Every structure is written in C-alpha cells, then in structure tokens.
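Down below is the structure, laid out as structure tokens.
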Amino acid sequence: MLRIGAPLGFGHRPLRPPIATFRNQYPDLRVHLELDGNLVDLLQTGTDLAIRDGQPQDSSRIGRELAPNHRLLCAAPDYLDWHDRPQHPTTCASMPASCSASANRRTGSSRAAACG
C-alpha cells in the first residue's frame, strides 16, 4: 500500500488524475490518500509521501515544487485606518485579527478556514 498525505484543498482535483494513472500502471498496489491539513510525523503514521505548503521544516526530507500556491492578502479600509498597515505578510500574525479563506472557483463561494 502507498500512503499519501495532502491538504484537503489540494487533494481533490489536482491529485485525482495522477493517482488514477499510477493505479492503472500498478493495479496490484493499493493507494490510500489522507486529505487533512494537519502536519503529521510521516514515520509515525506510516505515510510514504506527503504534499505540503512551503519549505520542508526537517532538513532530512526531500521536497520539490509541484504547483504554485498563490495567496492574496486583503483587509477592509476601515480596519487599516485603525491599525498600522502591514509592510510585509509576516507582520500580519501580530495583528489583532486575521482570517484565511478558501474559494471554490467552480461555484464562486468562499468559506473562512481560520480566524484568530
């Protein structure tokens, strides 16, 4: 069995075609795809391959870019009038509130993923 871990948003559409091709080439090998946003210990969970955002935190891991991951930072003008305007995305973590959202290109809907 090949165990693959990937973020929920990345797993549905981008991974379906290559996994189907892989399964056609190796029909006796089962593929288990775990779609979750949590970073897990690959050795502890028995995960063979993980798809993650950003650079590997562990230098013993080997990674390469699969696809670009574009982000858009937005704020309401009134919010920026009350708080200092961030000069760099890394300074947003220290702001009083931040939210991230995911958008569904097919339906045009969006949902808040995390606010704090």
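See the values below:
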{"quantity": "Selection count where residues are more than 16 Å from the chain's Cα centre (by Cα) and either in contact (Cβ under 8 Å) with a residue 40 or more places away in the chain or assigned by TED's automatic domain parsing to the domain that holds T90 (or both), scope segment 18-55", "calculated": "4"}
{"quantity": "Elements of type strands (runs of 3 or more DSSP E) in segment 1-108, at least 1 residues being modelled with pLDDT under 75", "calculated": "99-103"}
{"quantity": "L33 vs. criteria over 28 Å from M95 (Cα atoms), surrounded by 11 or more Cβ atoms within 10 Å (Cβ to Cβ) and in contact with a helix residue (DSSP H, G or I) (Cβ under 9 Å, 6 or more places away or on another chain)", "calculated": "yes"}
{"quantity": "Whichever residue in segment 36-56 is exposed (fewer than 15 other Cβ atoms within 10 Å of the Cβ) and in contact with a Leu (Cβ under 8 Å, 6 or more places away or on another chain) and, among such residues, is nearest to P17 (Cα to Cα)", "calculated": "L49"}
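The values are calculated or read from the model by the stated rules, or taken from the named source; none is laboratory data. Note that this is a predicted model, so its numbers are computed, not measured. Don't worry about glycine lacking a Cβ; one is built from the backbone with ideal geometry, like all the others, and counts go over all protein chains shown.
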